[in-house]
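J.: The structure that follows is given in the form of structure tokens.
The values are calculated or read from the model by the stated rules, or taken from the named source; none is laboratory data. Since the model is a prediction, treat every value here as computed from it, not as a measurement. Positions of Cβ are generated from backbone atoms using ideal geometry, with glycine treated the same way; all protein chains shown enter the neighbour counts.
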Amino acid sequence: MLLTMKPTILVLAIASKFLRLFFMTAFLICGGSALGAPGVYQKPSDFVKSSLGQIPATRAITLTGAQQTRVRAILGKNYKSKAIRYWSAGGKTAYILEEIGKTEYITTGIVVKGGKIDAVKVLIYRETHGGEVARDSFTRQLRGVSLKVDSQLSKIPKNIAGATLSVRALTKLARLALYLETLK
Amino acid sequence: MNPEAPRRRRHRSRQWHRWIGLAAALPLLWLAISGILLNHAATFGLNDRMVTSGWILRHYNQIPGGDPIGLVVGDRVVAGWDGLVFLDSKQLPLRGELRGAAALKGQLVVATDEEMGIFDGSDELVLQLDELSLPGVPVEGISVQEGRLLVSSKVQWYRLSEDFFTFEEFPGIVSSMPPDLLEANLRKELAEAIQTRRAMPLSRVILDAHSGSLFGWPGWVISDLSALGLVVLTALGLRLFPRRRS
């Protein structure tokens, strides 16, 4: 009976051929996508225009020493520039903010209205992993969120496995936008 | 039933075992040694040892490609290399191809085709301007006249306001200094500074060499083939394990 059975090695050899083909194809595809260009979801100017209905004149908040300290408490470091631009129209303010996820900047558009977040959109995502934060299902959680006295968000968004650093970066930017709104 | 059949199969299995073993020996040896090193990375101090080899850093895309361009503003060297911008070998948080740099009232203005940064005396970024605030992108060049910043875009010069947020067309004749190929000694200094600053921890390099990803897809394929080879070797070994009937 043993002799009538297909030799195990033959089965393995055939299986390994398919496995090899599968892995090679999979890695070629995955490798190619990992080296791709940054994901541009929306141009910052298009975001401002679609959020505010126009592109208003640019304004900027130049952070004082004390304000820098608050920003440092939020981000864990200074913001990349001392002056942060914003655009206001119709009671809404749009901020284009950047924060590093793991190694690359995530460019994010945040609209604040009446001290609460009205919209969040990841505009340019440059990291190789964690792009799930750009999905609506994540950014929707930040809508209507405000800043508590301790500079924390009134509602913490749920973490995404494998995108923890990007989630943290976006949460920090939401806190920063709400803080900047108090400085205008 | 052919009485020679089991013997032939056994012989074939041994042949496969021998040749697969030979082919997989080196990669498996590397996997075993690197695995041990990674498990004891802290003990061996692999997290603190940094790799500065240009060959390795190129695999991590840490060494820019092509030729660097730059210009001298006062005693500062502003350089652009493969989409990255440097000030005296320190990377600036600007993206794009360097278009120009100019000193303006104690500040340094650096422009790429995509954006512009205004840096204070301590090289801190004061303000970053992009397509939302500039007269147009791509920026073609910048200049300073009568204490005001001029920006060229779409074959037209614009004069920016003191706060940089508004602009008007500038009809006058403007001379600007475009960046040129960086001199050999400056290029060498910049390359050395990049290599030193972007050094990778040895543990990270070993981890990526262990998984094969350091060498791109060929590395992954070799790692996978070695792993599959190990599975086949195990199966063949088990097959050869029973004692031969006398």
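J.: For B:Thr196, state whether it is more than 21 Å from B:Ser53 (Cβ to Cβ) and in a helix (DSSP H, G or I).
T.: no
Here is a yes/no grid of residues against (1) assigned by TED's automatic domain parsing to the domain that holds B:Ala79; (2) at negative phi:
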position: B:Leu160; (1), (2): yes, yes
position: B:Ser175; (1), (2): yes, yes
position: B:Gly212; (1), (2): no, no
position: B:Pro218; (1), (2): no, yes
position: B:Ala227; (1), (2): no, yes
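J.: A further question follows. Filter the range A:44-54 for residues that are more than 7 Å from chain B (Cβ to nearest Cβ) and either among the polar types (S, T, N, Q) or outside any helix (DSSP H, G or I) (or both) and give the result.
T.: Selection gives A:Ser50, A:Ser51, A:Gly53, A:Gln54.
J.: Looking only at residues in the range B:20-52 that are of a type in the set (S, T, N, Q) and free of Cβ contacts under 8 Å to residues at least 40 places away in the same chain, which one is surrounded by the fewest Cβ atoms within 10 Å (Cβ to Cβ)?
T.: B:Thr43
J.: Sort out which residues of the range B:53-109 are of a type in the set (Phe, Trp, Tyr) and either surrounded by fewer than 18 Cβ atoms within 10 Å (Cβ to Cβ) or under 13 Å from the mean Cα position of the chain (by Cα) (or both), and write them in order of number.
T.: Across the range B:53-109, the qualifying residues are B:Trp55, B:Tyr60, B:Trp81.
J.: Which one of these is assigned to a helix (DSSP H, G or I), within 14 Å of chain A (Cβ to nearest Cβ) and among the hydrophobic types (A, V, I, L, M, F, W, C): B:Leu207, B:Leu225, B:Leu186, B:Leu190?
T.: Checking each option against the conditions leaves just B:Leu225.
J.: Next up: Would you check which residues across the range B:123-138 are within 8 Å of chain A (Cβ to nearest Cβ), out of contact with any Asp or Glu (no Cβ under 8 Å at 6 or more places or on another chain) and outside any strand (DSSP E or B) and list them?
T.: Once the filter is applied, which keeps residues that are within 8 Å of chain A (Cβ to nearest Cβ), out of contact with any Asp or Glu (no Cβ under 8 Å at 6 or more places or on another chain) and outside any strand (DSSP E or B), the range B:123-138 yields B:Glu124, B:Leu132, B:Ser133.
J.: Same structure, new question: Does B:Val151 satisfy being assigned by TED's automatic domain parsing to the domain that holds B:Leu104, of a type in the set (A, V, I, L, M, F, W, C), in contact with a Pro (Cβ under 8 Å, 6 or more places away or on another chain) and not in a loop (DSSP other than H, G, I, E, B)?
T.: Yes.
J.: Output yes when any residue across the range B:205-225 is surrounded by fewer than 16 Cβ atoms within 10 Å (Cβ to Cβ) and in contact with a strand residue (DSSP E or B) (Cβ under 9 Å, 6 or more places away or on another chain), and no when none is.
T.: No, that holds for no residue.
J.: Next question. Suppose the filter is within 14 Å of chain A (Cβ to nearest Cβ), touching a residue at least 24 places away in the same chain (Cβ under 8 Å), closer than 27 Å to B:Asp82 by Cα and among the aromatic types (Phe, Trp, Tyr); does B:Phe167 pass it?
T.: no
J.: Another question, if that's okay. Report the residue count in the range B:104-122 for those that are within 17 Å of B:Phe86 (Cβ to Cβ) and not in a loop (DSSP other than H, G, I, E, B).
T.: So in the range B:104-122, the residues within 17 Å of B:Phe86 (Cβ to Cβ) come out as B:108-119, B:122.
Those still in the list that are not in a loop (DSSP other than H, G, I, E, B) too: B:108-112, B:116-119.
Total satisfying the criteria: 9.
J.: OK, next. Of these, A:Tyr95, A:Tyr105, which one is within 15 Å of the chain's Cα centre (by Cα) and under 20 Å from A:Arg59 (Cα atoms)?
T.: Step by step, each of A:Tyr95, A:Tyr105 is checked, and only A:Tyr95 is within 15 Å of the chain's Cα centre (by Cα) and under 20 Å from A:Arg59 (Cα atoms).
J.: Can you tell me which residues in the range A:62-79 are touching a residue at least 24 places away in the same chain (Cβ under 8 Å) and either within 23 Å of the chain's Cα centre (by Cα) or within 8 Å of chain B (Cβ to nearest Cβ) (or both)?
T.: A:Arg70, A:Val71, A:Ala73, A:Ile74, A:Leu75, A:Gly76, A:Tyr79
J.: Collect the residues in the range B:180-204 that are in contact with a Pro (Cβ under 9 Å, 6 or more places away or on another chain) and surrounded by 18 or more Cβ atoms within 10 Å (Cβ to Cβ), keeping them in residue-number order.
T.: If the condition is that a residue be in contact with a Pro (Cβ under 9 Å, 6 or more places away or on another chain) and surrounded by 18 or more Cβ atoms within 10 Å (Cβ to Cβ), then B:Leu182, B:Leu190, B:Ile194 are the ones that fit.
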